[in-house]
Each structure stands twice: as structure tokens, then as C-alpha cells.
1. Considering only the other residues whose Cβ falls under 12 Å of the Cβ of Val211, what net charge follows from Lys and Arg at +1 and Asp and Glu at -1?
2. What number comes out for accessible area per residue over segment 205-256 if the probe is 1.4 Å? Units Å², please.
3. With a ≥ b ≥ c taken as the square roots of the eigenvalues of the C-alpha gyration tensor of segment 192-287, please select rounded if a/c is under 1.5 and otherwise prolate if a/b is larger than b/c or oblate if it is not?
4. What is the set of long-range amide H partners of Trp206 at a cut-off below 5 Å, with H atoms built 1.01 Å from backbone N?
5. Suppose all protein chains stay in the model; what accessible area per residue would a 1.4 Å probe give for segment 102-165, in Å²?
6. Using a simple charge model, +1 on the beta-carbon of Lys and Arg, -1 on the beta-carbon of Asp and Glu, nothing else, what dipole does segment 158-298 show about its Cα centre, in debye to the nearest 20?
7. If you filter segment 112-157 for chymotrypsin sites (Phe, Trp or Tyr not before Pro), then keep DSSP loop positions with at most 11 other Cβ within 10 Å, what is left?
8. Give me the percent relative contact order of segment 32-149, please, defined on Cα pairs under 8 angstrom at least 6 residues apart.
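The values are calculated or read from the model by the stated rules, or taken from the named source; none is laboratory data. This is a predicted model, so every value here is computed, not measured. As a convention, Cβ positions derive from the backbone with ideal geometry for all residues, glycine included, and neighbour counts pool all protein chains shown. These accessible areas exclude ligands, DNA and RNA; they are computed on the full protein's heavy atoms, side chains included. Shrake-Rupley method; radii C 1.70, N 1.55, O 1.52, S 1.80 Å.
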Amino acid sequence: MNQPTPSTLPLLDRRRLLQGTAALATLGPSAWAHAQGDAWRIGQTAALTGPLAFPFVEMNKGIAAAFKEVNDRGGIDGRPVEFFSLDDAGVPEKAAENTATLLKKDQVFTMFACGGTTSVMGALKVLAEAKVPLLAPATGSDALRPFNPLVFHTRASYAQELAKIARQLSSTGFTKMAVGYFDNPFGKATLAAFEAAARATNNTQWKPFLVQETPEGIEKAVQEIVQFQPNALMSLAIGASGIPFYKALRQRIKAPAFSISFLGSRPLLAALGEAAAGITVAQVVPNPTNPAIPVVKAYQEAIKKLGNVDIGYSSFEGYVNARILIEALRRAGRAASREKFIEALHSMRPYDMGGFEVRYGPNDHDGTDFVELTYFNGERFRR
């Protein structure tokens, strides 16, 4: 069977199987000249399958909507956008392999919207050597926040989300919080970020609970939390056992619950079922159901054209990220080099797309610190 090409695959589900081990190489002059043809070739490696796939699959729907929108209008300076997306299941070694393939075989101009944290870390090993930029890593991990000249963020960090939650707890008196986490890089990093945020608000009442990723470990952690008698809950336990842990916890304790933006994905909320009702979630983009915000109205119109795609925070984040990419390509010019592309991003001081803006400079690639807390009532999010 022939491998599918970008023109024969739906934009939001363009995946191909890799064969063999790709060499870690950048493009040679002749290959790059070929890549500078009609289309802008954009690459992504992401966890599109596995227990952490929910938000990235949803984000890709928003990306697809934005790329269809610009391509339907004739592309960027007459050049259409092609999106090459490979699944790494969150395995960093696979992400590195995918990135090398996208650069060498598919000759992509830039990497974009890679996620989650382990995928980005795997990709960066290749990108640093090839000197290829990465725009909009789809993670708020603070491990990626030290300045990197090749990386441009488009969302607030998890530390900024957790700081917002900590301030809310302090103002409402719900400071005796139980925080569940798994013994993995994500759990430990976000726990450290919340510890710093709690310290900044003088909260000494909260307590962390390590959750072992087994049925017995989940039951033990839930029992320990029940005995603690918290007046607030937060789960940083992200992974295959995260849903059964949170559901078991909510069955036993009805205290107010909080979460970072990862839980904003509709499929994940659906998987939680009744346990999702009443949770407060930190969001890193404005409310995607509010058409009074110009960029939201544009997103809603674009997402409708895909057909049978629900409006949601994750797909809206993907749409926003794609709009930032499109604007940077437009500013860089039709025959832009990667250096010109980076200069174009630096010129966004700020770039306001209508109700949401990012701001970059030669020494500032953080983009935005936008965070707002929303309440999920079981049907929709409310501020």
C-alpha cells in the first residue's frame, strides 16, 4: 500500500507510520530549495494516542479549522499551508524520531503545536541540532520555560495557572486542600509549582498525597485524603489512572475541586462523567462560546466549516495557535528563511487577534500570561 500524502489525508488526522530509524539531520541546500515551493510545510509530533491524547487531538481540530480558513482564502501570499502530523504516543524517543523524519523526509519549515511535555523534550533534541524553531508547544510545563531562542510559547505556564488557583483558595478560605499526584515528571513538576504558589499566599494547610497507579494505590490514596478531611481538592494525577482516581475521590468527598487547563478537554470531561460537575478549571484562552470576542467569533465560524466538531477550549487553543503561526508566516514574507520567521515573531509586540494577544521580543518568548478560572456545571464552563 502506498503511504498517504498530505493532499490525500484529512488535515486534522494526518498520520503516517515510520519505517526504520531516521537520522538526526537538517535539510541540505537542494532539499530546502525544493521545500521552498508552493506550500508552507508545517510539522508536528504529538501524543495523538494513549491516555494523554485528549487535548492534542482536540487542538488539532482547531488547527485544521484555521488552516482551512487561510487556504480557502488563497493561502499566505499565494502559498497554501500543509500540516504533517505524526503520533508519538508521548514517548520522547519516538518524538525525536518523528521530528527527524519531518525535517529530512517531509522538509517541514517549522515545528508547531508539539505536545505534551515528553513529546516536546524529545523533539527539542533534534531541533536544537538542526536549528529549527518550535512555535506553540502544547504544554505549560515549567521545565520548558527557561529561555530558548528556538521556542516560542503561546500559553501561560502551569505555574501561572496554579498561582491563580492558589490566590483563589486564599481569597475564599478553601486553603486545606488535598493535592493528589503521580510519581512521574508531570506530577512532581506541577506539585513543586503548586507548593511555590501556596507558599506565596502563606497557605500552610494544604497537603500532597502520592497516588500509586494501581487500583490498590488509588483506594489507599482516596482513604488517606478522606481522613485528612480537606475543604478543597486538586488532582495533578495525569495519566491512564487519573480518571479512576478522580472519580473515586469525588464519590467520597464533595469539597470544591480545582484543576489546571489539561482538564478543559471535552472528551476528558465526558470520561469523568458526573465527577466533572462542579470543578473549577484554569483556562489559558478566553471562553470559546462567547462570540462577542472577535477571535472567538472567527473560531466558531471556522470550526463549523469542518462539520461535526464541537466547540471547546482545546480546539480554540489550537485555532489561536494556528492564527499566530499564520501571522508570523505572513510577516516573514513569501520566500522567508527560518531566521526571517523568528524575526517576524519578534515583531509581534503585541499581536492582538481580537480579544487575545501575544507579545514577543528577542529576549522574551513567553507570549502570554493569560489565565482565568472557569466553573464547569456539568454542561458548560462559566466564569
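1. Spelling it out: positives minus negatives among the neighbours equals -4.
2. 50 Å²
3. Judged from the Cα gyration tensor, segment 192-287 comes out oblate (a/c at least 1.5, b/c at or above a/b).
4. So Trp206 has HN proximity to Met177.
5. Using a 1.4 Å probe on heavy atoms only, each residue of segment 102-165 averages 28 Å².
6. 400 debye
7. Working: sites: Phe112, Phe147, Phe152; in loops: Phe147.
Listed in order of number, the matching sites are Phe147.
8. Details: 196 pairs, mean separation 37.5, N = 118.
Computed value for segment 32-149: 32 percent relative contact order.
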